[in-house]
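Here the structure comes first, spelled out in structure tokens, and everything after it is commentary.
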Amino acid sequence: MARFREKVISLDLEGRIVPLTIRRHPRARNIILRIEPSTGPIVTVPWHTSYEEGIDLARQKQAWLLRQIDSMPSRIAFIHGARVPLLGIERTVCHDPESRRPVTVTDTEYQVSGQIEHMARRLTDWFKQEARRVISERVEEKSLLLGKPYRRIAIRDTRSRWGSCSEDGSLSFCWRLVMLPEMVLDYVVAHEVAHLKDLDHSPAFWQTVSTLTPETEQAKAWLKVYGEKVFYYG
């Protein structure tokens, strides 16, 4: 897995103060500026390029940056009444202080117990636990089918990728995967499990993916169009 270094600065764009993440990445060949839903503007620079060159590009592109920031949808907090998906199906967040469990899920609701000020944390913790359960089951099934054991599974709040597989067979996944439609989650798990056999993206790798999940192209298309939206939740 590639390692990188980053820092966050406050950038003045036409009188607006915007947090800018500058990331130095060993595999980057060019300076790249983009917007991520969870963090805002990010500029990636090659390993031996100065942070200042990345900042200069952001300043040169300030009109584009501000348009992108203004077009980003509002965040959807985990509060009473919010609509949040689980495996692609939306349910309503409801505060239920009398419930005996931290989170109870019905066909239409997430019933969150305890004090209302702790509701967001309780629901986030529940989603992470549910992600670990669902993803672990699918990893186990697919790694057995492939005949390639994995070392461990980590569930993280990753910003730039849905999952990863290291050379030692360790798998990592974004907990927000559990919000996506089942077809899409299954594809991401299959993608990373397939890397236990092939670490590259060769034709042989994609053939392996297709044996582990039935709707690869549909899932890839869904992620391209809708994937970033889940980063606005929570």
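As an equivalent ellipsoid, region 127-232 spans semi-axes of 20, 16, 12 angstrom, where each value is the square root of five times an eigenvalue of the C-alpha gyration tensor, largest first.
Take every Cα pair under 8 Å in the chain that's 6+ residues apart, average their separations, divide by the length, and report that relative contact order as a whole percent. It would help to have the intermediate numbers written out before the result.
Numbers: 385 pairs, mean separation 35.5, N = 234.
Worked out over the chain, it gives 15 percent.
Note on the chain: percent of Cα-Cα distances in each 5 Å bin, starting at 0 and stopping at the bin with the largest distance, equals 1, 6, 12, 14, 14, 15, 14, 12, 7, 3, 1, 0.
Report the percentage of all Cα-Cα pairs in region 69-154 whose separation exceeds 18 Å, rounded to a whole percent. Each step should come with its number before you reach the end.
Details: 1943 of 3655 pairs.
Across region 69-154, Cα pairs with separations above 18 Å total 53 percent.
Return the whole-Å distance between the Cα centroid of region 148-212 and the Cα centroid of region 60-92. If you average the Cα positions of each part, the centres end up 25 Å apart. In the structure shown, the pairs LYS128/LYS220; LYS148/LYS220; LYS7/LYS220; LYS7/LYS61 are assessed against 29 Å; a Cα-Cα span above that value is assigned to LYS7/LYS220. Working note: 222 nm ellipticity from helices only, DSSP H runs with n ≥ 4, each -39,500 (n - 2.57), summed and divided by the residues of the chain, gives -11000 deg cm²/dmol to the nearest 500.
For ARG159 and ASP200, what is the calculated FRET efficiency with R₀ set at 30 Å and r taken between the beta-carbons, to the nearest 0.05?
Values: r = 24 Å, r/R0 = 0.79.
Efficiency, from the Cβ-Cβ distance: 0.80.
If R0 is 22 Å, the Cβ-Cβ spacing of ARG83 and ARG132 corresponds to a FRET efficiency of close to 0.40. Per-residue 3J(HN,Hα) values for region 23-30, derived from phi via the Karplus relation 6.51 cos²θ - 1.76 cosθ + 1.60 with θ = phi - 60°, read 10, 9, 10, x, 9, 6, 10, 10 Hz in sequence order (x marks Gly and Pro).
Quick one: dipole size for region 127-232, taken about the Cα centre, charges +1 on Lys/Arg Cβ and -1 on Asp/Glu Cβ, in debye to the nearest 20.
Details: 16 positive and 15 negative charges, 72 e Å.
About 340 debye.
Taken along the Cα-to-beta-carbon direction at a fixed 7 Å, the label points for ILE76 and ILE9 span 3.6 nm. Restriction of the GluC sites (Glu not before Pro) in region 154-208 to DSSP coil positions whose beta-carbon has at most 16 other beta-carbons within 10 angstrom yields GLU167.
A short reminder: the numbers here are calculations on the coordinates, not readings from a lab. Remember, predicted model here, so these are calculated numbers, not experimental data. All Cβ positions, even for glycine, are placed from backbone atoms using ideal geometry, and neighbour counts span all protein chains on display.
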